[in-house]
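J.: The structure that follows is given in the form of structure tokens.
Every read-out reported here was derived from the displayed coordinates using simple, explicitly stated rules and does not represent laboratory data. It should be emphasised that the depicted structure is a prediction, and the values quoted were computed from it without experimental measurement. Counting neighbours? That spans all protein chains shown, and the Cβs are built from the backbone with ideal geometry, glycine included.
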């Protein structure tokens, strides 16, 4: 199979891909606390893994992960890097417009962090209306609750909970320290009804 990661290609290889394809994948996450046992990079590491596996299976080009996101609510924890919503939105906009210059019109945006959702969905609507650039924002956590409801309770599906930790243990077991995990319930859960956010005025 050929290369599917943009950063591993030479510019002629990138030119060849873009000359034949109008679709790309962009993983976005955050760098913030995920309990005592999970790495700070949990959100962007999961997004990157899902995006790259999708690219591997489909042949669609995957861009490098955007590792920082909207994390103001975690700034009291050391190592958390916060980006203002408007800055994240404009940063992703510039990425999209760069892709558009190469002929890309469709982007699967794999978002690993709920704090990014509002900015990304707003950007998707704007680019669809003003640039005819179509973005689908995909988030994994609503789908796991629907497809595999028997695996985790609602409480276990919270931030840095059993569900998210299990993904880390599968994808990056060397980064999880289960000796420091505690049996607690998340204080808040943000309900998001769908795994896909489409930039449509519905």
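J.: For the pair residue 140 and residue 9, how long in nm is the line joining their label points, each one 7 Å along Cα→Cβ?
T.: Each label point lies 7 Å from its Cα, and together they span 2.4 nm.
J.: Here is a follow-up. Under a crude label model (7 Å from the Cα following the beta-carbon direction), how far is residue 16 from residue 97 in nanometres?
T.: So the two model labels end up 3.1 nm from each other.
J.: Which FRET efficiency, nearest 0.05, do residue 57 and residue 169 yield, Cβ-Cβ r, R0 25 Å?
T.: Details: r = 22 Å, r/R0 = 0.89.
Result of the calculation: an efficiency of 0.65.
J.: Length gain on complete extension for the stretch residue 36 to residue 76, per 0.36 nm per residue less the alpha carbon to alpha carbon distance?
T.: Values: separation 40, 0.36 × 40 = 14.40 nm, distance 1.40 nm.
Stretched fully, the residue 36-residue 76 segment lengthens by 13.0 nm.
J.: Could you tell me the calculated FRET efficiency between residue 132 and residue 179, based on Cβ-Cβ distance and R0 = 45 angstrom, to the nearest 0.05?
T.: Values: r = 52 Å, r/R0 = 1.15.
E(calc), rounded to 0.05, equals 0.30.
J.: Exposure proxy check: 42, 144 ranked by fewest other beta carbons within 10 Å? Please list the in-between numbers first.
T.: Numbers: 42 28, 144 17.
Result, fewest neighbours first: 144, 42.
J.: Moving on to the next point. Can you give me the Cα centroid spacing of the range 90-140 and the range 55-70 in angstrom?
T.: About 12 Å separates the Cα centre of the range 90-140 from the one of the range 55-70.
J.: By count of other Cβ within 10 Å, fewest leading, how are 22, 94 ordered?
T.: On the way: 22 14, 94 9.
Lowest to highest Cβ neighbour count: 94, 22.
J.: OK, next. Rounded to a whole number, what is D in µm²/s for the range 64-147 from Stokes-Einstein with the Kirkwood radius over alpha-carbon pairs (25 °C, 0.890 mPa s)?
T.: Numbers: Rh = 13.8 Å.
Translational diffusion coefficient: 178 µm²/s.
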